[in-house]
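Below is one structure, written out as structure tokens; comments come after it.
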């Protein structure tokens with residue numbers, strides 16, 4: 001009798017796997033262009049997570065379809081349309097920056113295709129967008145983290161904010177910081193606007209020298225932030241500089257050189273302080289696969305987008321049902337992610353911790369963890 005049952009069960013399992021299918025998941029990342037450094041390290045996380053877990057519980061195989069948006073809004077829109085219309089993906093990971101992710105969400109939302117953003121932090125990203133989700137914190141949270149740390153822990157009372165008027169990420173983070181800094185008791189003495197692609201910041205630096213603030217807050221991406229830091233040192237401006245996650249990569253340090261020594265920024269994760277066994281195991285796997293001990297926080301969040309998606313798909317009777325997948329993503333509670341514990345609410349926003357890092361001797365060094 002036991003032998004008969006065993007044969008029946010084995011047959012059922014084999015039958016299930018015989019009908020296993022390939023399910024496509026889209027990924028939109030800037031793999032080339034001015035912000036390729038972000039896309040490449042984020043996609044590394046997606047690839048590694050996929051290598052560890054390329055099948056669903058029912059035997060279906062996941063295929064990742066990667067498209068390069070080159071950091072451009074039009075390219076992002078075209079990539080999103082292609083993934084949905086031609087490749088028939090059930091979900092999309094990306095598109096990294098808040099500006100480009102907003103483009104993907106706007107299109108995917110109409111087609112009821114869930115999007116999981118890795119590092120797109122703009123608060124409005126998920127507003128009235130049922131199929132928008134993220135594993136990162138929001139700008140309102142990291143802006144508050146920077147403001148409180150600068151004022152309360154460092155005793156800095158006045159700040160100049162340099163904002164990129166072409167990036168919604170920069171605008172949103174600047175707004176969040178200013179609100180929180182003022183609430184803490186600080187004073188924002190000046191907001192200076194720049195535009196992505198600018199290279200000469202000598203006039204900006206000279207203006208800041210005259211103002212003489214306690215702090216420079218730069219909610220920018222690494223190309224502009226590194227140049228401002230370099231030109232500040234060249235003109236003799238030596239003030240504490242603080243950014244958000246937009247500079248959280250080695251490229252920023254390489255571009256800035258000695259000028260970014262002592263520079264601080266908020267980040268999602270620090271590989272020297274893995275928050276769980278799951279995290280530590282992934283750090284070790286990453287080193288084994290790449291030969292690199294250092295694991296970028298964007299890589300950790302890239303892995304988390306994939307893993308959260310797979311967990312949601314496994315909870316659906318039909319893992320190709322994008323509506324079900326989206327519902328399950330929004331039921332994520334205390335998910336044991338590479339970057340830490342992640343919960344996602346009905347609006348698609350994640351509750352998670354932040355870390356503060358400081359650059360010492362050409363390396364980003366852990367300074368503090370800030371919980372929500």
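The values are calculated or read from the model by the stated rules, or taken from the named source; none is laboratory data. Predicted model only: the values in this text are computed from it and were never measured. Quick reminder, even Gly has a Cβ in these numbers, built from the backbone with ideal geometry, and neighbours come from all protein chains shown.
Structure notes:
- Only listed residue being in the same structural domain as residue 280 (by TED's automatic domain parsing) and free of Cβ contacts under 8 Å to residues at least 24 places away in the same chain, chosen from 78, 53, 57, 69: 78
- Verdict on residue 160 being touching a helix residue (DSSP H, G or I) at 6+ places or on another chain (Cβ under 6 Å) and either part of a helix (DSSP H, G or I) or at pLDDT 95 or above (or both): yes
- The sole residue among 133, 78, 100 that is in contact with a helix residue (DSSP H, G or I) (Cβ under 6 Å, 6 or more places away or on another chain) and either surrounded by fewer than 24 Cβ atoms within 10 Å (Cβ to Cβ) or part of a helix (DSSP H, G or I) (or both) is 100.
- Test: residue in region 269-292 that is assigned to a helix (DSSP H, G or I), within 17 Å of residue 116 (Cα to Cα) and out of contact with any strand residue (DSSP E or B) (no Cβ under 8 Å at 6 or more places or on another chain): no
- Just one of the listed residues (147, 180, 174) is out of contact with any helix residue (DSSP H, G or I) (no Cβ under 6 Å at 6 or more places or on another chain), surrounded by 15 or more Cβ atoms within 10 Å (Cβ to Cβ), within 21 Å of residue 352 (Cα to Cα) and modelled with pLDDT of 95 or more, and it is 174.
This table checks each residue for (1) surrounded by fewer than 24 Cβ atoms within 10 Å (Cβ to Cβ); (2) within 23 Å of residue 247 (Cα to Cα); (3) modelled with pLDDT of 95 or more; (4) in contact with a helix residue (DSSP H, G or I) (Cβ under 9 Å, 6 or more places away or on another chain).
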position	(1), (2), (3), (4)
280	yes, no, yes, no
286	yes, yes, yes, yes
289	yes, no, yes, yes
313	no, no, yes, yes
323	yes, no, yes, no
336	yes, no, yes, yes
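- Test: residue in region 46-69 that is modelled with pLDDT of 95 or more, under 27 Å from residue 124 (Cα atoms) and in a helix (DSSP H, G or I): yes
- In this structure, residue 161 does satisfy being under 13 Å from residue 219 (Cα atoms), over 19 Å from the mean Cα position of the chain (by Cα) and surrounded by 20 or more Cβ atoms within 10 Å (Cβ to Cβ).
- Selection of region 209-256 for residues being in contact (Cβ under 8 Å) with a residue 40 or more places away in the chain, part of a helix (DSSP H, G or I) and surrounded by fewer than 22 Cβ atoms within 10 Å (Cβ to Cβ) yields 211, 223, 250, 251, 253.
- Here residue 304 fits the description: at pLDDT 95 or above, assigned to a helix (DSSP H, G or I) and crowded, with 24+ Cβ neighbours inside 10 Å.
- Qualifying residue in region 164-174 (condition: farther than 24 Å from residue 69 by Cα and outside any loop (DSSP other than H, G, I, E, B)): yes
- Scanning region 167-186 turns up at least one residue that is outside the structural domain of residue 29 (by TED's automatic domain parsing) and on the phi > 0 side of the Ramachandran plot.
- Of everything in region 1-40 that is in contact with a helix residue (DSSP H, G or I) (Cβ under 7 Å, 6 or more places away or on another chain) and either in a strand (DSSP E or B) or at pLDDT below 95 (or both), the residue that is surrounded by the most Cβ atoms within 10 Å (Cβ to Cβ) is 28.
- The set of residues from region 85-97 being closer than 19 Å to residue 134 by Cα and outside any loop (DSSP other than H, G, I, E, B) comprises 92, 93, 94.
- Screening residue 155 on (1) buried (at least 22 other Cβ atoms within 10 Å of the Cβ); (2) more than 30 Å from residue 83 (Cβ to Cβ) shows it passes everything except condition (1).
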